[in-house]
């Protein structure tokens, strides 16, 4: 576990600058919280890979029963001939702990929330790396992750994506009526797979609503969806 | 044949997957698969027949998702689908058992989700009533991932039918359910609440279930049911395959039978072939006999606590008697202080947490409801329900996601008549008090008589004496100097002659005396020597803690990381906990030391007026912290810690002025809400903490708040400023709706908005007055709009 990476990102999120040092007390607290998040979370993604049809001009991608109408996704995974659809969550115990901390210690709750965001992102990156390594052996390339809610990919698609993955039963992600996931620290994403390298000039930041006033441009430690 | 009689004959077999066979037949369902009971009855019947032919004693109806929520909009009622499902099965296999299948509601219980206990109960009740009417022989509640939901379903079956009921849950790779319950807790809790068999289904392949079955076997007297998947699923181009063949599956299932599973079947990926082969393989196999006596133990939804290694500490701090802040919080319907006490005590070593919410003006049921719901799933220490009103105790036991202790029953007939049935129904352990209608007996013999009477009476309810903790009652040494001897001698007898487990509300001994900690600690040591197992005491008191730690050391029952040598090995560390904070109130707040800030405030109140403390210490301290934050010397976590410390100090001041009937300068109200549809509320909560401590009365309406509720909040509080928060673009739409309504009804009310997607431009666009980029900014905005 790369504590250092996660910790540095969190410190940067708190201070707004790179390479800052917090007090020793805060530093220790952060480390304890990273341990706690790690022990309470049940990160175990569910995913399915299937061939897709891809129409760039219409902005339409079809994977099995799923239809994504989105120009930003179509551009992001341009050239893909199959897709990986995935969902993952840090799990309900993280959510319950968060509720408790907000009642008992707001300062810790704030830190816990940050730790969760960055830990989830870290786990997703690790998962993505293993997928990438696997597919590389078959001479295939994998795009980055693109989630409902990015660009013009509608959040309403969460419902079909979660159903497609049987995610409620398998990892316990549920949706509110407004298509927000519970537990809150959950992610769904679509990744393109192609025999050719993906065009990285169009990044998910280009599809992001915050692109004009984002401090972490480049997606290095973007925790915003 | 009755289910219990069938079990006496050996292994029993349930069926395997319904879904896999439907896929094989090429049958797809629009909407919930249970609708096929009406649209494709023949196919479902054929599947039931195939399982019966392969040897299943029970077939499971195709009603897993046949509940109100999942059938919404299908055009069918729950009753129609379940009647059809049970009818088809009965007709298909007239000589076999028909098990009514009940799956999860598909919604999350609150506080995580929106569904309440009673809503979930009603959903299950509707299914049970339909199943009973249609003639099911048994109910199987399966694939549950939240122990609370499983318990609710179980209660719905027990209270609305006489059918036997089997409950299985599904586990993750880490050996816990999604909601965090390990297998022993699951089996123990479900047995306590009346299940006839418990077990594990779906999850993984059989091999991974072995440790889970072993864990269940250790704690339950019930038969264990296993229905694993045929290994792990693999998705191949839109279809699913499982990786265990019949030949792989059967030997792994035999291992499960060896580990203690008596009832066997399959889940995803299994077919009649699997069941047939399994039955043939086990034909000579005899089920492993289960334990015959219930354990002396309790549990939360995440951990067991066994009453066989002592000492155990029962934390007594959640009790409003003599605690003005806690009492006030309960009177106002707030549970934050109690939650904090619960976790602080566990941190200090408590094994069980006593929860007493009694006090004038407190809605006891409401506080239990909100406190228990919040602690379910998060507090590892089991709860002890400390109350004497039967209806309150019953509700608390009912909504607890575990097996609690009830504190208490005594020798009065009315007490036994009302409390014992509750302990029986929910499988709770009981504290038995050695007193009856005539009061506390003065002699050892008389106290023992009362204890015998309670234990005998409990036998009528099938409550074994191992489920009791006996409290021989401590009186204050100040009013009764000889009393402690009767207490200790009675306890000696109860423990060493009668073989019962003992507890003691030990802190009573020092009531009315100075330096209570010292006296409590010494008394505890004496009580341990006489046979005390689990004192009800304050684990945050130094001397008490020492007495417990030393006894644990002598008994050889120490907790990892907290042994005598580790805690007291270095002479200097023994006094660390009692080191006094030397700074002043301002420093305590600046450093974010909440407890110290509260303590200092109490001290200052002896010599200074409340308003002076606020004006001369609290406000300047917060201003100084705010300035440091603005200059970038400290960051948000530190600012929040200081705000929390100040909040604690304000609470102490508030209690003091209530006593003296003086009033502080009135605070200006601000309404805060996370808008309808949005559940992300940490940002709003941070703003609330900051505003509160910079002199505002925050009316926090919570998350997912409707426009109507916001208007109502403004109306009732008279607030001139409303803060609205939204994280998602989709929920900014509902923010805009609320703003429009506010502008129409209260044109003079200012509206401040915040949240990840917002900006000043966006705020202008949706008609808000001002955008608050962070919590500190929110305070500045409030100061500017309301105070200048």
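Read the figures in this text as sums done on the coordinates, not as results from a lab. Computed from a prediction, not measured in an experiment: that's the story for all the values here. Every residue, glycine among them, receives a Cβ derived from its backbone with ideal geometry; neighbour counts consider all protein chains shown.
For residue B:708 and residue A:64, FRET efficiency with R0 = 35 Å and r from the beta-carbon atoms, rounded to 0.05?
Details: r = 42 Å, r/R0 = 1.20.
The calculated FRET efficiency here is 0.25.
Taking other Cβ atoms within 10 Å as a rough exposure proxy, B:550, B:536 sort from fewest to most as B:550, B:536.
State whether chain B is rounded, prolate or oblate according to the following rule on the C-alpha gyration tensor (a ≥ b ≥ c being the square roots of its eigenvalues): a/c under 1.5 gives rounded; otherwise a/b larger than b/c gives prolate, and the remaining case gives oblate.
Numbers: a/c = 2.20, a/b = 1.24, b/c = 1.77.
Judged from the Cα gyration tensor, chain B comes out oblate (a/c at least 1.5, b/c at or above a/b).
Extension gain for residue B:292-residue B:777 works out to 168.1 nm (0.36 nm per residue, less the C-alpha to C-alpha distance). Other protein chain C-beta atoms within 10 Å of residue C-beta, averaged over A:157-166: 1. Return B:468, B:343 ranked ascending by Cβ neighbour count within 10 Å, so the fewest neighbours appear first. Least crowded to most crowded, the residues run B:343, B:468. Where only DSSP H runs of four or more residues are counted, the protein assembly as shown gives -13500 deg cm²/dmol as its mean residue ellipticity at 222 nm, each run worth -39500 (n - 2.57).
Enumerate the residues in region B:6-32 having an amide nitrogen under 18 Å from the point lying 7 Å beyond the Cα of residue B:42 toward its Cβ. Output list for this probe position: B:22-29. Going by a ≥ b ≥ c, the root eigenvalues of the Cα gyration tensor, does region A:3-202 fall in the rounded group (a/c under 1.5), the prolate group (a/b larger than b/c) or the oblate group? It is prolate, given that a/c is not under 1.5 and a/b is the larger ratio. Shielding by partners for peptide B:105-113, expressed as the average number of C-beta atoms from other protein chains within 10 Å of each residue's C-beta, is 4.
For chain A, the longest principal axis of the alpha carbon atoms and the long axis of helix A:24-40 meet at an angle near 50°.
The ranking of B:454, B:102 by Cβ neighbour count inside 10 Å, starting from the fewest, reads B:454, B:102. Using only the alpha-carbon atoms, how far is helix A:3-15 inclined from the longest principal axis of chain A? Give it as 0 to 90 degrees, nearest 10. Roughly 80 degrees between the two axes. Connecting C-alpha atoms closer than 10 Å in a GNM of chain A, tell me which of A:102, A:177, A:158 has the biggest fluctuation. Evaluated over chain A, the most mobile residue of the options is A:177. For region B:753-788 versus region B:444-488, the inter-centroid distance based on Cα atoms is 62 Å.
If R0 is 45 Å, the Cβ-Cβ spacing of residue B:273 and residue B:74 corresponds to a FRET efficiency of close to 0.90. The Cα center of region B:238-257 and the Cα center of region B:614-648 differ in position by 61 Å.
Its relative contact order, with pairs defined as Cα atoms under 8 Å and 6+ residues apart, puts chain B at 7 percent. The simple Förster model, with R0 at 60 Å and r as the Cβ-Cβ distance, assigns residue B:788 and residue B:466 a FRET efficiency of 0.30.
Other chains near A:89-99: what is the mean number of their Cβ atoms within 10 Å of each residue's Cβ?
Average neighbour count from other chains, rounded to a whole number: 5.
Evaluated at q = 0.05 Å⁻¹, the base-10 log of the normalised Debye intensity for the protein assembly as shown, with identical point scatterers placed on the Cα atoms, takes the values -0.34. Taking a point 7 Å out from the Cα of residue B:445 in the direction of its Cβ, the residues of region B:470-491 whose backbone N falls within less than 15 Å of it are B:490.
Contact order, relative form, for chain A: 25 percent (alpha carbon pairs under 8 Å, 6 or more residues apart, mean separation divided by residue count). In units of the compact-protein estimate 2.2 N^0.38 Å, region B:585-660 shows a Cα radius of gyration of 1.06. Which whole-angstrom value gives the distance between the alpha carbon centres of region B:505-577 and region A:1-77? The two parts, judged by their Cα centres, are 47 Å apart. When each of the peptides B:482-488, B:501-507 is scored by the mean number of other C-beta atoms lying within 10 Å of its residues, the order from highest to lowest reads B:501-507, B:482-488.
Highest GNM mean-square fluctuation among A:174, A:36, A:17, for chain A modelled with Cα contacts below 10 Å: A:17. With a simple spin-label model that places each label point 7 Å from the Cα along the Cα-to-Cβ direction, the separation between residue B:479 and residue B:129 comes to 5.1 nm.
One decimal place: the segment residue B:584-residue B:23 gains 194.7 nm when fully extended, by the rule 0.36 nm per residue minus the C-alpha distance. Indicate the gyration tensor shape class of region B:668-787 (rounded, prolate or oblate), computed on the Cα atoms with a ≥ b ≥ c the square roots of the eigenvalues: a/c under 1.5 is rounded; otherwise a/b larger than b/c is prolate and the rest oblate. It is rounded, given that a/c, with a ≥ b ≥ c, falls under 1.5. A straight chain from residue B:234 to residue B:619 at 0.36 nm per residue would run longer than the Cα-Cα distance by 132.4 nm.
For chain B, give me the percentage of DSSP beta bridges that are antiparallel, rounded to the nearest 5 percent. Mind dumping the intermediate values first?
Numbers: 10 of 80 bridges.
Counting DSSP beta bridges with both partners in chain B, the antiparallel share is about 10 percent.
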